[in-house]
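Student: Take this structure, written in structure tokens, and hold onto it; I'll ask about it next.
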Amino acid sequence: MPAKDYIPIDENWLGEAGSLWTTPWVDKPSERVIVDPIILSHAATLFRKNAGYFYQNPDEAARMVCAACELYDVTPVGHYLYADYWGVDYGAEIKYQPNSPPGITKRPVKTPEDVDNFEVLSPEELAKGPSLTTHYTALDTVLNEYPKMFAPITQLGGTMEVATNWAAIEDVFMWMITEPEVVDKLCTKAGDHMVNACKATAERYGANVMITGSVIASGDLMDVEQIKRFSHKPVSRAVKKVLNAGAGPGIYYHLCGNHTDDYKMWTDAPMSPFTIVQIGYDGQDIFPTQKLVEAFGDKCTCFGTVDTKLVDRGTPTQVYEQAKEQVLAGKDSPRGFILGTACECPTNAPPVNVHALVRAAKDFGKYEKF
């Protein structure tokens with residue numbers, strides 16, 4: 001639908017939601033913690049569209065997300081993200097699918113020699129490339145039509161995520177065993193790419209919020225030393241370079257998957273005053289907010305989570321009870337707290353379950369430290 005078919009966002013709601021969202025950083029008293037279910041293609045289902053439509057129409061996707069934010073009373077930020085960024089800029093091929101995010105079908109790096117010859121694109125080249133031009137279409141839509149819901153976000157993932165958008169994951173994992181120095185080179189170049197992408201966004205909008213962290217580099221796929229070598233160290237290096245280049249200030253560490261054995265190393269990751277840390281799972285269980293706050297509460301804003309599988313397949317009562325437990329453990333974290341889902345809100349999650357998540361924050365997330 002074109003912009004004229006969407007009703008305007010309620011300004012009273014937007015003012016209240018904006019106050020909730022900024023509380024962790026400005027220490028301005030507000031009613032309760034904010035909720036961020038990481039709504040992406042789920043917004044499309046509210047308009048009877050599928051995920052493929054969402055990702056092929058970034059301007060309309062941004063409108064859908066903004067409308068969904070008001071509907072659910074959650075973080076008032078319009079965004080457009082997916083995992084398989086950046087491959088196409090370097091010669092990969094991507095496939096749009098009806099019921100899931102786009103996926104890379106052909107990657108540019110196939111051999112160790114390809115890694116040696118691989119050159120990272122400049123900020124200027126990336127700004128003109130397919131990933132950022134699509135991304136900027138969504139961001140510009142928010143800036144022009146929903147300016148109070150705008151945040152200049154750059155979707156990066158971690159160095160292993162970028163690396164496996166350039167080379168097949170099975171090749172990267174094989175090289176980690178047989179030729180680890182090849183993966184060192186690949187992850188270093190991935191970090192350099194991340195810096196240039198953030199520079200491009202900051203140059204365009206005057207600021208940047210980088211989404212990074214460790215998704216593939218989790219305890220289910222890699223051991224602690226591999227995570228440290230190929231994820232934590234090169235990601236930290238890249239974030240430092242981004243901040244030193246003035247291409248921040250926002251940092252969102254999205255540690256998806258199981259991080260039982262490596263989460264403590266991320267307490268040493270570079271952090272600005274506008275930093276959020278989210279950890280998905282502790283083994284097979286949702287990561288306890290109490291443990292998250294103990295490790296990160298005095299360093300940054302903590303993002304406590306509810307299991308996305310529960311949001312997708314559970315009952316509203318199950319979602320509500322887990323959300324209640326997490327928000328009670330985190331609402332008075334020293335540098336603020338956000339309640340959300342462990343990863344992106346499932347495309348076809350029942351709206352009543354998203355509502356249950358928000359309801360728990362309203363019922364139990366009242367700030368008491370102010």
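The values are calculated or read from the model by the stated rules, or taken from the named source; none is laboratory data. The model shown is predicted, which means the values in this text are computed figures rather than measured ones. Reconstructed Cβ throughout: ideal geometry from the backbone, glycine too, with neighbour counts over all protein chains shown. Areas reflect the complete protein model, heavy atoms only, side chains present, ligands, DNA and RNA absent. Shrake-Rupley method; radii C 1.70, N 1.55, O 1.52, S 1.80 Å.
Student: Quick one: in segment 296-333, which of the residues that are open to solvent by 20 Å² or more (accessible area, probe 1.4 Å) and in contact with a Cys (Cβ under 9 Å, 6 or more places away or on another chain) is nearest to THR22 (Cα to Cα)?
Tutor: THR308
Student: With THR22, THR75 as the choices, which residue is within 23 Å of GLN326 (Cα to Cα) and either of a type in the set (Gly, Ala, Ser) or surrounded by fewer than 19 Cβ atoms within 10 Å (Cβ to Cβ) (or both)? Reasoning before the result, please.
Tutor: Working: THR75 fails: either of a type in the set (Gly, Ala, Ser) or surrounded by fewer than 19 Cβ atoms within 10 Å (Cβ to Cβ) (or both).
Residue meeting the stated conditions: THR22.
Student: Could you tell me which of the residues SER122, SER131, SER100 is in contact (Cβ under 8 Å) with a residue 40 or more places away in the chain and exposed (fewer than 14 other Cβ atoms within 10 Å of the Cβ)?
Tutor: Values: SER131 fails: exposed (fewer than 14 other Cβ atoms within 10 Å of the Cβ); SER100 fails: exposed (fewer than 14 other Cβ atoms within 10 Å of the Cβ).
Step by step, each of SER122, SER131, SER100 is checked, and only SER122 is in contact (Cβ under 8 Å) with a residue 40 or more places away in the chain and exposed (fewer than 14 other Cβ atoms within 10 Å of the Cβ).
Student: Moving to a separate point now. Looking at ALA190, ALA200, ALA138, ALA163, which one is modelled with pLDDT of 95 or more, within 27 Å of ASP73 (Cα to Cα) and crowded, with 16+ Cβ neighbours inside 10 Å? Spell out how you get there, then give the answer.
Tutor: Working: ALA190 fails: within 27 Å of ASP73 (Cα to Cα); ALA200 fails: within 27 Å of ASP73 (Cα to Cα); ALA163 fails: within 27 Å of ASP73 (Cα to Cα).
Result of the check over ALA190, ALA200, ALA138, ALA163: ALA138.
Student: Give all pairs with beta carbons closer than 7 Å in which a residue from segment 314-332 that is closer than 12 Å to GLY365 by Cβ and in contact (Cβ under 8 Å) with a residue 12 or more places away in the chain meets a residue that is buried (at least 18 other Cβ atoms within 10 Å of the Cβ) and of a type in the set (S, T, N, Q); count only pairs at least 6 apart in sequence or on separate chains.
Tutor: Final answer for the pair search is GLN326/THR289; GLN326/THR305; ALA329/THR289; GLY330/THR289.
Student: Shifting gears a bit: Among (1) touching a helix residue (DSSP H, G or I) at 6+ places or on another chain (Cβ under 7 Å); (2) over 28 Å from ASN144 (Cα atoms), where does VAL88 come up short?
Tutor: Unmet condition: (2).
Student: Still on this structure, please answer the following. Has segment 266-282 got any residue that is among the small types (Gly, Ala, Ser) and either farther than 18 Å from GLY213 by Cβ or open to solvent by 20 Å² or more (accessible area, probe 1.4 Å) (or both)?
Tutor: Step one: of segment 266-282, the residues among the small types (Gly, Ala, Ser) are 269, 272, 280.
If we keep only those that are either farther than 18 Å from GLY213 by Cβ or open to solvent by 20 Å² or more (accessible area, probe 1.4 Å) (or both) too, we end up with none.
No; the residues of segment 266-282 include none that is among the small types (Gly, Ala, Ser) and either farther than 18 Å from GLY213 by Cβ or open to solvent by 20 Å² or more (accessible area, probe 1.4 Å) (or both).
Student: Pull up segment 1-33, narrow it to residues that are aromatic (Phe, Trp, Tyr) and in a helix (DSSP H, G or I), then point me to the one that is farthest from GLY304 (Cα to Cα).
Tutor: Here the residue is TRP13.
Student: Please go through (1) more than 21 Å from the chain's Cα centre (by Cα); (2) in a loop (DSSP other than H, G, I, E, B); (3) crowded, with 24+ Cβ neighbours inside 10 Å for ALA356 and return the number of the only condition it doesn't satisfy.
Tutor: The single condition ALA356 does not satisfy is (2).
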